[in-house]
1. Could you grab me the full set of residues in the range 80-107 that are exposed (fewer than 14 other Cβ atoms within 10 Å of the Cβ) and farther than 23 Å from HIS147 by Cα?
2. May I ask you to list the residues in the range 162-184 that are in a loop (DSSP other than H, G, I, E, B), under 17 Å from the mean Cα position of the chain (by Cα) and not aliphatic (A, V, I, L, M)?
3. For the range 142-174, enumerate the residues that are over 15 Å from VAL52 (Cα atoms), among the β-branched types (Val, Ile, Thr) and in contact (Cβ under 8 Å) with a residue 60 or more places away in the chain.
4. So, restricting to strands (runs of 3 or more DSSP E) that lie completely within the range 70-161, which ones have at least 3 residues that are at pLDDT 95 or above and over 24 Å from GLU44 (Cα atoms)?
5. Of all residues in the range 13-36, count the ones that are in a strand (DSSP E or B) and surrounded by 14 or more Cβ atoms within 10 Å (Cβ to Cβ).
6. For the range 51-68, state whether one or more residues are in the same structural domain as VAL109 (by TED's automatic domain parsing), among the hydrophobic types (A, V, I, L, M, F, W, C) and more than 22 Å from VAL131 (Cα to Cα).
7. Looking at (1) without any contact (Cβ under 8 Å) to a residue 12 or more places away in the chain; (2) under 30 Å from ALA181 (Cα atoms), can you tell me which one GLU97 breaks?
Amino acid sequence: MKKNTPYRTLSSQIVWSCPWYNVRQDQIVTPDGRLGVYNVVQKEDAVWIVPVTPDHKIILIYNYRHTVQDWCWEVPAGSQEPHHTTIEETARAELQEEVGGVANKLEYVSSFYVASGIFNEIGHIFLATGVRLGQAARESTEVMEVHCLPVAQVLQMVRTGQIRDGNSALALLLCEPKLQAWLK
């Protein structure tokens, strides 16, 4: 259910940018008529892929994140790049880049707003099955280990807070009904 937009935008300008995102500053009128400023981080759509091997293990990465100065359990993910024409092409490219994975089947699961209070980024979740691992082609900033773990263990990691990356946890939980089939 969509409603009318309660804010009125008077002007917008890019106030900062880098190769991965930019910051748009909007001069706005709030619902109560006051003038204000709202900053929006603009970023391309991104993908989160839940990869499952032929023997029904989930491939996770243990990834060092400088922003939080911690190692995080995550599913492979990445932003759409201009040379990828579809979000599915981005998912396949990120799977190969981060874990060297090639999927027999790639199924679109859902989409979500990554951080709707500050980002315009939309995340797309895919379930990749029949994934075979090969040589990864990571970027120089990506420091990660690849782990293949049983479905039950990964779902337990989500529920106990071991997987602290919210986007990865959401991807795993949204894929859970299909993952549960392999537990029976």
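1. Matches in the range 80-107: GLU81, PRO82, HIS83, THR85, THR86.
2. Within the range 162-184, ARG164, ASP165 qualify.
3. VAL143, ILE163, listed by residue number.
4. Result: 144-150.
5. 8
6. Looking for residues that are in the same structural domain as VAL109 (by TED's automatic domain parsing), among the hydrophobic types (A, V, I, L, M, F, W, C) and more than 22 Å from VAL131 (Cα to Cα), one finds at least one in the range 51-68, hence yes.
7. Just one mismatch for GLU97, condition (1).
The values are calculated or read from the model by the stated rules, or taken from the named source; none is laboratory data. Just so you know, these numbers come straight off a predicted model, no measurement behind them. Using ideal geometry, Cβ is built from the backbone for each residue, glycine included, and neighbour counts are taken over all protein chains shown.
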